[in-house]
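Below: one structure, written as structure tokens.
The values are calculated or read from the model by the stated rules, or taken from the named source; none is laboratory data. Keep in mind it's a predicted model, so treat the numbers as computed, not measured. Heads up, the Cβs are rebuilt from the backbone with ideal geometry, glycines too, and the neighbour counts pull from every protein chain shown. All accessible areas refer to the heavy atoms of the entire protein, side chains included, with ligands and DNA or RNA removed. Shrake-Rupley method; radii C 1.70, N 1.55, O 1.52, S 1.80 Å.
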Amino acid sequence: PSSGSGGPVQPGKQMSSTPLNANVQSFNQTPPYQKTQTQPQNSSQWQSLENKAELPAYPQTLPMNGQFNFMDPNLTPPPYMHHINNINNGGGFQQGFESMGGMGGAPLQMPMMSEQHQRQQLQMMQQALHNQVMYTWMMQQNVMQQQQHQHSGAPLPGHLPMPPQSPSAWPVPPQYPPQVPPPSFKPPRVAGAPSGSYSPGIAQPPNANQKQRNNGRHDGGLLTQHKTTGYRPQLSELLGHVVEFSRDSHGSRFVQYMMETVNPEERQMLIDEVLSDAVPLMQDLFGNYVMQNFLEHSSNDQRVLIASRIKGSMTLLSMQPHGCRVVQRAIDIIPTENRNALLMELLESHEKIIRCAKDPHATHVMQKAVILLQQEIRRNHKTKQNKELLDTIENSVQREILQLAVHPHACRLVQRTLGDCNPKRSDAIKLILDTVMSTYHTLSIDQHGNFILQHILDNGSLDQVATVHNHVSSNVLELAQHKFGSHLVEKCLQSATPKQAEAVVLELLEPKGRNAAYIKDGSEDVLLVLMKDPYANFVVQRAFDASSGELRSRIATEIRNRSETLSRFTYGRHILSHINKSMH
């Protein structure tokens, strides 16, 4: 290390200071320290500082040149300022450090260090002194506020005044937001006081014990106590917090438990509390389960009361991911007259029906409505209103059948509308079936339209099913190698009669008609091409499973004759493995 004049400094001698605002050159290596031992000394300076009844105001800034600018120019500098001035005004690093009493009250011998390291060490000590004085100042401010409160009865301030930012350039502690006490300062609790309470006279965070709303949600103590300790409040305690509990994952389960266990009078109390917030709760992630539970465990009058809140918001709730569940539950459980009143709001125009049919959430409400109306008509509950509502849906679907049949969400509504595929049900159903039969090829290779044909295979009459099978067998080579058409071929083989399955398998082994025209080269091994195809190989596996007798043995022989070639392809190995497992 060197002094301000550049000469060496002997340990124990006074070292002259260098102005702190001088430029500091960077250094690449840290010089070794000389270890010294500290000698204990009474820290009288700090004791006298902490025992003072009052400290002057802290300066706004602490510049490094020894001149200080105070909030109040009439105040004298605090007693610790002469220690820093002693360092900055030529007293030397060693003398200034000993005048502070060291970091803990004992004088320290200066380790051997470079001028660069010396300046950094000085900044660190100034920072430590700043932090210690600020902590003492804050504690005395609290004591003064407590005394003023006891004598005058004036309310305590909502927060502690913030100390100014540290004067040191390195290291700089984090600056807290204005008017927020540092997290390290926690006022003491009163002995025996409940959790979250503060002792009298200690400044508290604003509204610490008051319920606040955060995005429409209460942050109450009862819910926190229930979540953290498992405390189960009685109904008298829960009243006033039902909406708050319903919006929470734990609280919603507890409200549902209460609804299932209380008596009818207490159920009415719970329902009355949520009615004013019924629509927001139906759209809530957890509140919708509470509303569904209330509908399930209520009386008919109570269900009608809850459903009355849906009226006017039917479309909004049906298109909402959580609200659509409550709507489906409501129309399934409330009386028919009230249900039809809600459905009329949803089916008031053709445009709204089509918009709901294409909506990912409202389409489920539409499907539920179709199922309920069809069931009641089949049970001879064929009221005029039920028939009118169902006809409204069927007519709208028939007008836009080609558009809805290939839509990812609306295609499900088309299937529900077809139901048992009976054309005698209505003229709209007959027109829908005629349109589907005229567009078999388009629907069979569509990602969503092929499900319409699969629905006919499951629910249609024998003639309708035979028509689909004839179309599939006539185009089996094309459909088998198509990503979506292959699903329809597999469905045909699984649901076919033995005769229908044999017709499809023979077209795979000996193509004729359209299938023969589909082959580009007449000498091409069709079966080998299908078994190497990423989609058609599954069709071959289903064909083997659906066949029997001589036809099954023929397929197995044809596959084994090509085993050497198939073993070189991934999908070919799949077929060989499937055949070997099925034969054993």
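Values for this structure:
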item: Residue within the range 406-420 that is in a loop (DSSP other than H, G, I, E, B), in contact with a Ser or Thr (Cβ under 8 Å, 6 or more places away or on another chain) and loosely packed, with under 15 Cβ neighbours inside 10 Å present; result: no
item: Helices (runs of 4 or more DSSP H) fully within the range 426-476 counting 3 or more residues that are closer than 27 Å to LYS382 by Cα and of a type in the set (A, V, I, L, M, F, W, C); result: 427-438
item: Top-ranked residue of the range 354-373 - restricted to ones that are of a type in the set (Val, Ile, Thr) and within 15 Å of CYS411 (Cβ to Cβ), ranked as surrounded by the most Cβ atoms within 10 Å (Cβ to Cβ); result: THR363
item: Helices (runs of 4 or more DSSP H) wholly inside the range 277-380 that include at least 3 residues being under 26 Å from HIS407 (Cα atoms); result: 314-318, 323-333, 336-346, 350-358, 362-378
item: Members of the range 486-513 found to be open to solvent by 50 Å² or more (accessible area, probe 1.4 Å) and over 23 Å from GLY460 (Cβ atoms), listed by number; result: LEU506, GLU510, LYS512, GLY513
item: Condition met for ILE334 (over 32 Å from the mean Cα position of the chain (by Cα), surrounded by 18 or more Cβ atoms within 10 Å (Cβ to Cβ) and β-branched (Val, Ile, Thr)); result: yes
item: Residue within the range 439-448 that is more than 30 Å from LEU373 (Cβ to Cβ) and at pLDDT below 95 present; result: yes
item: Criterion violated by SER474 - all others in (1) among the polar types (S, T, N, Q); (2) within 24 Å of GLN447 (Cβ to Cβ); (3) over 50 Å from the mean Cα position of the chain (by Cα) satisfied; result: (3)
item: GLN292 vs. criteria open to solvent by 30 Å² or more (accessible area, probe 1.4 Å) and more than 27 Å from the chain's Cα centre (by Cα); result: no
item: Output for the range 381-405, where each listed residue is more than 20 Å from GLU351 (Cα to Cα) and part of a loop (DSSP other than H, G, I, E, B); result: HIS381, LYS382, THR383
item: Unmet criterion (only one of (1) over 27 Å from ARG399 (Cα atoms); (2) open to solvent by less than 10 Å² (accessible area, probe 1.4 Å)) for SER473; result: (2)
item: Residues that are small (Gly, Ala, Ser) and either open to solvent by 40 Å² or more (accessible area, probe 1.4 Å) or free of Cβ contacts under 8 Å to residues at least 24 places away in the same chain (or both), drawn from the range 529-582; result: SER548, GLY549, SER553, SER563, SER567, SER577, SER582
item: Residue within the range 251-268 that is over 22 Å from ALA330 (Cα atoms) and either touching a helix residue (DSSP H, G or I) at 6+ places or on another chain (Cβ under 9 Å) or crowded, with 21+ Cβ neighbours inside 10 Å (or both) present; result: yes
item: Options ASP272, ASP277: the member that is open to solvent by 40 Å² or more (accessible area, probe 1.4 Å) and touching a Gly at 6+ places or on another chain (Cβ under 9 Å); result: ASP277
